[in-house]
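Written out below as C-alpha cells is the structure these notes cover.
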Amino acid sequence: MMRIVQSAVAVVLVAVPGLPCAIAQPAAAGQTVTVTLSNFAFEPEHLRLKVGVPVRLRLVNDSSGAHDFSAPAFFAASSFPPGTSAPKDGDVDVAGHDSVEINLIPRTAGTYRLRCTHFLHGLFGMHGSIEVSP
Ligand SMILES: [Cu+2]
C-alpha cells in the first residue's frame, strides 16, 4: 500500500508542468493542432499556443476505449466562436476511434494542466500541459 501511495505522489510531481520538454513553435493562426489520445498518453503531451491566435484543436482517439481531454483552467481562459461554447466542465469526451474538433482562441498566458479523467488513466501517464504564451 505504501509503495502505491509513493508512486502516486511521484506521478503527481511529474504531472505538474515545469519546463516544456519539446521545443515547438506555437501554433499559427487558423492552424489545426492535432492531439492523439491513446492508452495511456496524449501525443503531443505539451501543446504550445499563443494568446489571441485562433486554433482548431483536433482530438483523435486512437484506441477502442473512450478517453477525455480535460483542461478546465485552459478552456476557462479561452474564448469560442459565435454559436459554439466551452466544453462542459472543461472536459471533452472522445469515444473510441472517434474525433472531436474545437475552435478556440486562448485568452490568458499561462501553463495549464491537461489530463484524462478516466479512472487511473492520469496515473498511467495520460497527462500533459498546454502552454499559452503572450
Ligand atoms: Cu484516458
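Counting alpha carbon pairs within less than 8 Å and at least 6 residues apart, what relative contact order, in whole percent, applies to the range 14-127?
On the way: 231 pairs, mean separation 34.9, N = 114.
Contact order relative to length: 31 percent.
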Just to be sure I understand the model, the point goes 7 Å from the Cα along the line to the Cβ. What's the resulting Phe119 to Ser85 distance in nm?
3.0
Could you list Ile130, Ile102 so that the one with the fewest beta carbons within 10 Å of its beta carbon is first and the one with the most is last?
Ile102, Ile130
Report the rotationally averaged projected area of the range 27-133 based on its alpha-carbon convex hull, in square nanometres.
5.8
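Computed from the coordinates by the stated procedures, all read-outs in this text should not be read as laboratory data. Since the structure is predicted, the reported quantities are computational estimates derived from the model, not experimental observations. Quick reminder, even Gly has a Cβ in these numbers, built from the backbone with ideal geometry, and neighbours come from all protein chains shown.
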